[in-house]
Structure formats: structure tokens, C-alpha cells
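The next block holds one structure in the form of C-alpha cells; read it before the comments.
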Amino acid sequence: MSRITGIGLTPFGRLAGASTLDLMSRAATDALTDAGLERREIDGLITGYSTTHPHLMLSTVFAEHFGLRPAYAHAVQLGGATGFALVMLAHLLVEAGAARRILVVAGENRLSGQSRDAAIQTLAQVGHPTYEVPLGPTIPAYYGLVASRYAHEYGIDEIAELAVLMRANAARTPGAHLTEPITAAMVRDSKPIAAPLRLLDCCPVSDGGAAFVIERADPARPGPRIRGAAQAHTHQHVSAASSLTAFGARDSAGRALAQGGVALADIRYAAIYDSFTITLAILLEEIGLAPRGAAGRLAREGHFSPEGAMPLNTHGGLLSYGHCGVGGAMAHLAETVRQMRGEAGPRQVAEPPLALLHGDGGVLSSHVSLVLENGR
Amino acid sequence: MSAEIPDWTTGREGLALARCRACGHVQYLRRPFCPECGSEDLGVEQASGRGTVYAVTVVARAPSPELSAHAPYGLALVDAEEGFRFMAHCPPEGVAIGDPVLTRFRSFGAGLVPFVTPEGTP
């Protein structure tokens, strides 16, 4: 068993002048302070990647910069699923005894470190270089295709409610990128991006960083325990997905729950990847946290609100806390830990005994699920 | 062998597929082997271009300044009658999921791309 003993999360948004290494360092400093550890007590380091600081060896670039001499280090790349993949790996490594205390860190000045055109163009390259990219798709276009199929099979009118909920949650979260209240009508009337997705269906591009300390469970050092962790990878390119309404999330989440001996009905908090409203709707429904086609309706009815039956992304998610790349989904875990500790301030829900976290990368192609148990 | 079959990815109007002679699997995203059984015995064929729209979007915000002059453009995933799925351009209006379509080709950016239109449109 492993525990998360420290979290660090910077504000997300436009943090002009901060580099990838600056943002990683800020988050790492906060995570070490939170864990009550010195640099020398860290013997493992796992990092993500940064589109504004591409490097063959980002982990050791950071280790040198920050002042670490780990016995184990490398970087991981799995698109949006990277954050939870890092956590799963750290969990496996401490359980295997390869390291004792691992710092997991990511950060990127994705907004201010490049032009918006450069960011959009870089991200669009996850498409197939021969059969997709020459047609001029974008990340929103890949998800627009997914959303069109969802609309065809289930109807899509209510998924705007998910964006409304994320914005309301962000308004109570210090450091959130977008906090101005929005309505479902504003989402539906916002600028078209990739039909049926509109601007407010899409997460912003942000600067930010996040970090965790993950160590082998020790009764003297409290923190949420990782009870289960699993992945599923079904395809890479949207053209190669066998279905645009069923992905690997059910498989991944199901195995993570089974590993932890936890039933979905025991989960009291959900932290689910929400790059677009459609991403969140599909993942909630596929995992089984909402019936097919009903995620938006449940959001409207308050089911996913902080006072509802299944609080969801109470910090505002990618849609409103923001999305800085690898650190984006890590904010979901930082918030889950805060909720478990009772440190979520005005957003505090009943401290959840068990939480389910799920991230996806690519176009719903790479899935990572985590089951977290409160271990105060 | 494949050089004889026109293929838009090499700048010649045509949609090509590769069929595995060992297991019959049809692939569009081409590799020199069958991803199902590993056989390297593939036959390249010309696809008819007839298919059914599986998903469709309209790109309002192009990925690069060079392509923004073309926006908005329609983008579809089409299920070809030969049993593979492909991405194609389509008109930004008047194309719906389930529509039977035919494939033509048009210039876009630096090359040629498939362009599907509903059957019966001129």
C-alpha cells in the first residue's frame, strides 16, 4: 500500500514569466513542505513532459535544477492521462521497494510560454501524421467528432450543465483560472469551435504546476492510501477507435475498483478528467456514475454538486480550474486529498472515505483509474 | 504493387486499402504487416469511396494560420463499404450521421484530401 503524504498545486491561469522549471519547482516545494520532508529524503523522482520545454530527460533536468539526487528517475508521456499514470507508477514503485519516497511533479507555462496558435498546432499533432493531420483537425475537432456521435445516440442538449457546474466549483477555489459564473444558455450560445462543441465546452489553456509525495504506507505518516490503480489503452487515433461512444474507461475503472475490493456504490467522491464537457459526460457514463446520456441531466439536478450525492471535481476541473498539460489532472488529485483531509475550505464536502479518479489521454484512448481511501 | 493503386496520401486521387491475404483483415492506416495476425502478405486495393457517415464536425478554428482561410470546413469519419473507417473533409452543412456518401478529392493545405458528399449531390 502507498500513501500520498504531500501535495503541491500552484494557481492555474496566466502566470507570466514563470517557466516550466519554475512551475515544477513551486509545486515541488509546496509538496515537500506539505509532507514535512527535506530534499534529501526524496529518493525517487517521476516527472511528466512539457510542450514548452521539450527535453529527452526532463526528470534529471529537474532533479539537477531543484537539487535532488534520486536513486530512481524518469519522465512519462501519456497525454492527458500522464498525471494519474505518474501516480500509479509511483504507487507500484514504492510497493515494489524500488524507492521509498517519490516526488511526482509536473508543470508547464502552456499559456504564456507560446502563442495560442503554437499550442493548438502542437496538440493537433496527436492525430495520425498521414491520414488525419493533413486534413486540418484540432483537438476540439477530434472531440467534436466524438460529441456528434454522442448527440446522435443520446442527445447532447444538457451536457452544457457540466461546464456550468465546473465554473461554479471554480468560483470557490483560490487559484482557479476561470471563475466568472456561466449559465447553460451561455455555453450553448458561445462561439462555435468544432460542432457541436462551443468555446465554453472546452477547457482553457493554462500555466500551472502540481506535485505529490508518494511513499510506502507507514502508520506514523498519515495520508490517503492508493487502494487500486489500473489502465486501459484501446487505440491512439480517433480514426482507429472501434466506437466513439464506448471506450476503455469502464474496463480501467472496473479493474481499479476490483483491485481495491471496492464497489462503485461505495465511492463518495469523483475526480474525472474533463478536457471538454463531452469527455466528462462520456467518462461518467462509461464508468457507471451516470446512466448513458444522463450526465448533463444529473449535473442540472445537483447530483454532482458539492452538496449532492456524488461531489465531482469540486475545484472546478480542467474546464474552469484550468489545464496546464500534465499538471491539469493532477489538480483533481490534489483536490481529492484536500477533501479527504477536510482542508477544502468553502468547498468542503463530507470527508469522503473513498474516491474514484479517472484520467484519459489522446482522444479517450488511454485510460488510468485510481481508487483512493481516506487514511487520516 | 501499391504504386499502381492511386492513393491521396501520395498525391494521387484515390482511396486505398490493404487486405490481409492470411486473415482477411482490412486496414486503412497502412503498415507493412497485418496488425491482427502479423502476416506481411497484404493485397492493396482501390476502395470505391462509397460509405456511411459515422461522425461529423465543423472546424471553426483551424490549427494553423495557413489553414484558417479554409475555415469553417466539415470533417467526417466515414465507414467505407469495404469495412474500414476514414477521415475526410465534407461540406460544412448538409451532412448528417448515417448519410450515404461518395468520395472525391480536393486540394487543402499542402496536398490533396478526401472530400465526401451525400450521394445524389452534384
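Bear in mind these aren't lab numbers, they're just calculated from the coordinates by the rules spelled out. All of these numbers come straight from a predicted model, not from anything done at the bench. So basically every Cβ, Gly included, is an ideal-geometry build from the backbone, and we count neighbours across all protein chains shown.
Residues whose amide H lies under 5 Å from that of A:Arg198, counting only those 5 or more places away or on a different chain, are A:Ile193; hydrogens are built 1.01 Å from N in the peptide plane. In percent, what relative contact order does chain A have, based on Cα pairs under 8 Å that are 6 or more apart in sequence? After rounding, I find 26 percent.
For the residues of A:120-129, the average number of beta carbons from a partner chain within 10 Å of their own beta carbon is 2.
Direction-averaged projected area, Cα convex hull, region B:2-46: 2.8 nm², rounded to one decimal.
Take the Cα of A:Ser243, step 7 Å along the line toward its Cβ, and report every residue of region A:264-306 whose backbone nitrogen sits under 14 Å from that point. Zone members listed by number: A:282-283, A:285-288, A:292-293. Database note for the protein assembly as shown: Cys without another Cys beta carbon under 4.7 angstrom, A:Cys202, A:Cys203, A:Cys324, B:Cys90. Once R0 is set to 22 Å, what does the formula 1/(1 + (r/R0)^6) return for the Cβ-Cβ distance between A:Ala118 and A:Arg14, expressed as a FRET efficiency to the nearest 0.05? In this case the efficiency is close to 0.90. Backbone N atoms of region A:90-118 closer than 20 Å to the 7 Å Cα→Cβ label point of A:Ala220 belong to residues A:94-95, A:97-103.
Distance from a point 7 Å along Cα→Cβ of B:Ser64 to each backbone N in region A:104-146: keep the residues under 15 Å and list them by number. Once the point is set 7 Å along Cα→Cβ of B:Ser64, A:117-139 turn out to lie under 15 Å by backbone N, inside region A:104-146.
When shorter helices are ignored and each DSSP H run of at least 4 residues is given -39500 (n - 2.57), the per-residue value for chain A at 222 nm works out to -10500 deg cm²/dmol. Peptides A:285-292, A:365-372 ranked from most to least packed, by the mean per-residue count of other Cβ atoms within 10 Å: A:365-372, A:285-292.
Against the main long axis of the alpha-carbon atoms of chain A, helix A:139-154 sits at an angle near 60°.
Neighbour counts of C-beta atoms inside 10 Å place A:Ser50, A:Ser19 in the sequence A:Ser19, A:Ser50, starting with the fewest. Applying the Karplus relation 6.51 cos²θ - 1.76 cosθ + 1.60 with θ = phi - 60° to region B:42-54 yields 3J(HN,Hα) values of 10, x, 8, 10, 7, 8, 6, x, 8, x, 10, 5, 9 Hz, where x marks Gly and Pro. Sorted fewest first by neighbouring Cβ atoms within 10 angstrom, A:Val262, A:Val146 come out as A:Val262, A:Val146. Using R₀ = 22 Å, calculate the FRET efficiency as 1/(1 + (r/R₀)^6) where r is the Cβ-Cβ separation of A:Thr33 and A:Arg69; round to 0.05. Between A:Thr33 and A:Arg69 the formula returns 0.65. Our summary gives region B:51-118 a relative contact order of 32 percent, counting only alpha carbon pairs under 8 angstrom and 6 or more residues apart.
Treating r as the C-beta distance of A:Glu301 and A:Glu343 and R0 as 41 Å, the FRET efficiency rounds to 0.90.
Of all DSSP-defined beta bridges confined to chain A, some 75% are antiparallel rather than parallel.
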